[in-house]
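Readers should treat all values here as calculations from the given coordinates under stated rules, not as data from a laboratory. Source: prediction; values computed, not measured. Heads up, the Cβs are rebuilt from the backbone with ideal geometry, glycines too, and the neighbour counts pull from every protein chain shown.
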Amino acid sequence: MCKLNRVHRRAMTVLIYICVLLFTADRQLSVANDQVSPPAGLRVFYTGHSFHMFVPKHVERIVDAAGIKGHKLVGTQGIGGSRVYQHWDLADGKNKAKPALATGEVDVFTMASHLTVPDRGITNFTELGLKHNPKLRLLVQVSWYPFDVESPEKRIRDNSQRNSMKIADLQAAVDLWRKKLEAQADDLNQKHNRWAVFLVPVGDAVVKLRAMVVDGMFPGVISQSALFRDPIGHVGPHVQALAAYCNYAVIYQASPEGLKPEFMGITDEQHAILQKLAWETVSRYPHSGIASRALSATMDDKFQTLAQRFVNESPSLSPVGATALGDHRFDDQLDEVSAAARNRERTFYNGLLGDLDQIDPNQLARANQVDYQ
């Protein structure tokens, strides 16, 4: 047992290096975006409600501004106030989403969650989509909270009441919603043994924007209520742009910073702030899937392969391994874990340490010295 713990701790140092790289993904990928050509175009289908269905038209403008070739808007399916399962249950004659996925010719499929989580629609679309395209990425937008907060007693009844809302309360509501969606996404990814379902943390970005407004750091907007059109939370052009930038960043795994899309009612200065805010939010959020791309920007081939294997195959981290270890991941009380799970853990880490001996020590040194504050 002691030997296993020592091996576990030694191997975890590798994870620390990797995490440093992942948390600096926004910086590394911003540099990469300045140096490489636009990404290859993707085939995208959108489903959702009114907090999401303005996104497609804006993403099209962002894609044009980025000079991306081969992008295709496969289709959209909007239902006001919808749960995802309502899109799944839509009658065959009206349902455009299912036939699109059944062709296998969709690369990215978006959904917009309702407060009801878990949502069987997310599960069903994931099953159908992966059946016809195993490389499909499914994105779920985590929106800003309707009426601002969860508590019925504290929900706003008039848009002007947003001006007195506390940022901490807004964040708490978004956190609660997002964590439920993270749990469903994790379950689906574990089931399929791959990262297929990702989250777009738009709600977190909107809370940050509202905090900037409160602090007088977003020029041209002097009140939180000016960002919205009604108590429910339908939004004006600034939040629409922010949501679109977040979705674009996750769809294309690329920063929108510096792009000049044609949006009405937003100044260049506001665009720059919204782009930076969107990228900082999504690139630092693990469930967006962006952070892992930083590995290729900072590692040689051997280190990159090792890091990817650690994340993808570790009994403690991989979707399958997480299921085997259950709630005991990273738990020092390894005696509570099954003998089979401990053996898998020991075998994996021993192999990892053997491979680590083949890595250039300077790679580890550079990773350890990265400024990630």
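For this structure, a couple of remarks:
- Normalised by the number of residues in region 39-293, the mean separation of alpha-carbon contacts (under 8 Å, six or more apart) gives a relative contact order of 20 percent.
- Legend: ranking of residues 260, 208 from fewest to most surrounding C-beta atoms inside 10 Å; resulting order 260, 208.
- Projected label distance in nm at residue 160 and residue 37, using a 7 Å step from Cα toward the beta-carbon: 5.6
- Karplus-derived HN-Hα couplings along region 272-282 (A = 6.51, B = -1.76, C = 1.60, θ = phi - 60°), whole Hz, x at Gly and Pro: 4, 5, 5, 5, 5, 5, 4, 5, 4, 5, 6
- Length released on extending from residue 96 to residue 215, taking residue separation times 0.36 nm less the Cα-Cα span: 38.5 nm
- Backbone amide hydrogens, once placed in the peptide plane, bring residue 77 within less than 5 Å of 46, 47, 48, excluding anything fewer than 5 places away on its chain.
- Taking 0.36 nm per residue of sequence separation and removing the Cα-Cα distance, the residue 124/residue 73 pair yields an extension gain of 16.2 nm.
- FRET E, pair residue 229, residue 183, Förster distance 30 Å, beta-carbon r, rounded to 0.05: 0.40
- Gain on full stretching of the segment that runs from residue 132 to residue 175 - 0.36 nm per residue minus C-alpha separation: 12.2 nm
- Look at the dipole of region 39-293 built from charges on Cβ: of 242, 273, 126, the Cα furthest out on the positive end belongs to 126.
- Modelled spin-label separation between residue 57 and residue 193, with each label point placed 7 Å from Cα along the Cα-to-Cβ direction: 4.5 nm.
- The GluC sites (Glu not before Pro) found in region 203-286 that occupy coil by DSSP, while having at most 11 further C-beta atoms within 10 Å, are 262.
- Relative to the globular-protein estimate of 2.2 N^0.38 Å, the Cα radius of gyration of region 39-293 stands at 0.96.
- For residue 116 and residue 268, a Förster radius of 41 Å and the Cβ-Cβ distance give a FRET efficiency of 0.55, rounded to the nearest 0.05.
- Packing, as the average of other Cβ atoms within 10 Å across residues, places the peptides 50-57, 190-197, 218-225 in the order 50-57, 190-197, 218-225, highest first.
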